[in-house]
Structure formats: structure tokens, C-alpha cells
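Each value in this text was obtained by applying a stated rule to the coordinates, not by laboratory testing. Nothing here was measured: the structure is a model prediction, and the numbers come from that model. Don't worry about glycine lacking a Cβ; one is built from the backbone with ideal geometry, like all the others, and counts go over all protein chains shown.
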Amino acid sequence: MNDTPGWASPGSAPSDGQNDQGVPRPASPGDANGAAPQWSKDQPPAGQWQPPTAPVNGTPPAPTPARADSGWGGRAPQGPWGQQHSQWGPLPAAKPGVIPLRPLTLGDILDGSVATLRRYWQTVLAVSVTVAVLMQVAEILAQRYLVPAPPEINPDASPAEALSQSVDALQSSLIGMGPAYVIMVAATLVSAALLTVVISRAVLGRPVTLGTAWQEARPRLLQLLGLTLLVPLMAAGIMFVGLLPGLLLGGSGGAGLAFLGGSCAFVAVVWLTIRFSLASPALMLERQGVVKALRRSAKLVQGSWWRIFGINILTQLLVFLFSMLIAIPFAFLAMAVAGNGLNDILDGSIPETSWTYLIIMGIGGVITSAITYPISAGVTVLLYIDQRIRREALDLELARAAGLPGYGG
């Protein structure tokens, strides 16, 4: 691994007698040929713990003096950075950046995401605020000029007619929001790429500017776009296949079959989404292709699906709650200022096409997105790093890249 955020994919395992840099391992203590010493059960090696001897005439034996370098009563041994071992625990993990270099807990992952936002706030907010502003402007313009006004539902219409009118209104709204969706996908894509680079540098404790992040991320944008579009298309294809038999059958039996097929397809989509959830950081940081990144994600997630699923669900729940804390006050403010005050709030009427309402809601959306985007991106990237630490000892490579003493060049 080098000191750039473009981490290389893991290679083959070290050969026997050599470490991961190809340097022969030092011989074990023993004879001149490096053979391990032969210890008998009655004569343990020097410095090793010995069982207490039986008391003679009821007098307990004198305590053995502790070794000067023992961690069990003498001076605690020095660690590679001048730190001392605890008498009852190992040396704390090194932390050159926003996370400790060891298998991460949920608290480490969330804390690392927040620490990245706090420590590199200038670069992170420059990315997230710009992306959020572009998305909100596109959404406001689309709602103002492209989305048609919702049709009035005839109260005397039958349930089937009311459902048909609602479907037509939803279809018109989706078509009108099409250009805004394109801009949102592009902005989210650039945001994810840039934030991945920033977080990868934050793990090493190194600053990164917006220009540097753009230079690192730009060559991977087209492949990241392909990956971003491929996974939703796969999910849509699975849902279509699950619903198709019931739709073709029709009637009450078809409705039941469509529900069953849709439920099975939904479970498959959730499974597939988590299985490929680490493909984006694998593509960016290992410089993998789209297919190889998907395979890499599947390999890293294997055996840890439920853990990654739980962390993603909890993260989305926290993001949703935070978004509601920001959106609800802005929604009340927008309806109070743009409408008829509390009367609109109590009646439930929303001035959807009012400029004042859209601008106030857009400001709330910018604030929410500027904070939640880095957190979500941080959780994904740190989950990827955590899986590689657990499976491939990436913490050693990160320590070398960070230039920590005792880990080699």
C-alpha cells in the first residue's frame, strides 16, 4: 500500500519465511540455525512463568522477583511509539487519523464520520454544500415550472377511478421531475467520489484540498456512474420479474401472486443491495472496474451481511431523524410565512408552488444534506476499511502509509 488514497487491492499471502514486504523473518531464539529451542516440561525457558512449588514444612516459598521488563509487576514494556503497555491490557491501537487502526465498532464508525466532518470541515462542506445547493435549485425549478398542479379528485368517483387519477398524477409528477433527478444523480455521484477521497486521507491523518480530491476522483467518475446505475437497474429487474407472473394472471389470484412475488423480490433486492454496498469505495480506493468492484464488495460482505445490514439501517434511521429535526421547523416556518399562517397548518393545505415556500424548504434541505451526506459517505467508506482490517490486516498497511514508527517504510 502506498500513501495515496488509491489503495491497491490485496495481493497474495506472504510466502513462508518472509514477511509481507519480502524481507526474511528473523530467526526464532535458539541455535545458530534459527531452530526453535527445545523446552522440557521440568525446565521452562528463562523469564517464563513457573508454577509455585509446594511449601516445605508449612513455610511458603519466597516470592520470585519480577523481571525488569515484565508487564505483570515490573516495568511495563515500551511500545513502538514510546507508549507503555497497561499492566492488564495490550497497547492501545494507533490512531493517526479519525479512526483507531483496529477492527472498528459501531461507535468508531460513527465517530470517525463525524470527526472527518469536524476536522476537515472546509473541504467537506465545500463539497456537500455545493452539491446540496445544486440539487435544491434543480428541485425548486422543477416543482415550479415542470411538475403539473395536482388534479382535484372527484369525491363521487369510484375507488378504481380515484386510484387511476392518483396514478396519472404521480406519473405526471415523476416525468416533470425527470431533469431534476438527472441533476441529483450527477451531483450525488460527484459528492460520493470526492468524499470517499477525503475520508481515505482522513484515516491517515492527512489534509486534502478540494482540488486534490477532484484530481484523485475524476478518473473514476465514469466507472462510478456505471456502478451507480447498474445496481438500481438490477434491483428494478428483480422486482419486475417478481411481479410479472401476478400481473399476467390478473384477478384476485393474480393480486395474491403479485404480492407473494413482490415480497420475495423485495427480500432479494435488500440482500443484493447490502451485498454490493461496498462496491463504490472498492472502485474508488482500489481502482477496480465495475464488475471487479461488485465482486470485491460481495467478498468483503460475505459472512458479515447481518452486521453491515444493521449498521446501514441504524445509520439511515439516524439520518432520517436528524433530517426530520431540521425539516419540520422549516416546514412550519414556510407554511406560516408563505401561506395564511396557522390556518394553513391546521387545515393541512400546503402552498406547493409558492416561491417563498419553496425557497424556505430549499434552505432547510441544503442544511440537512450538507451534514447528512458526509455522515452517510463516511459510514460506507469506514465499513469498507473495517472489513479489510478484519480480513486482510489493512491496519498494518494503513500504519505504514501513515508513517508510524515500527511498521517499516
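Observations, loosely collected:
- For VAL337, VAL127, VAL381, order by how many other beta-carbon atoms lie within 10 Å, fewest first: VAL337, VAL127, VAL381
- Highest mean packing comes first when the peptides 317-330, 295-308 are listed by Cβ atoms within 10 Å, giving 295-308, 317-330.
- Footprinting exposure proxy for THR209, THR116 (fewest neighbouring C-beta atoms within 10 Å first): THR209, THR116
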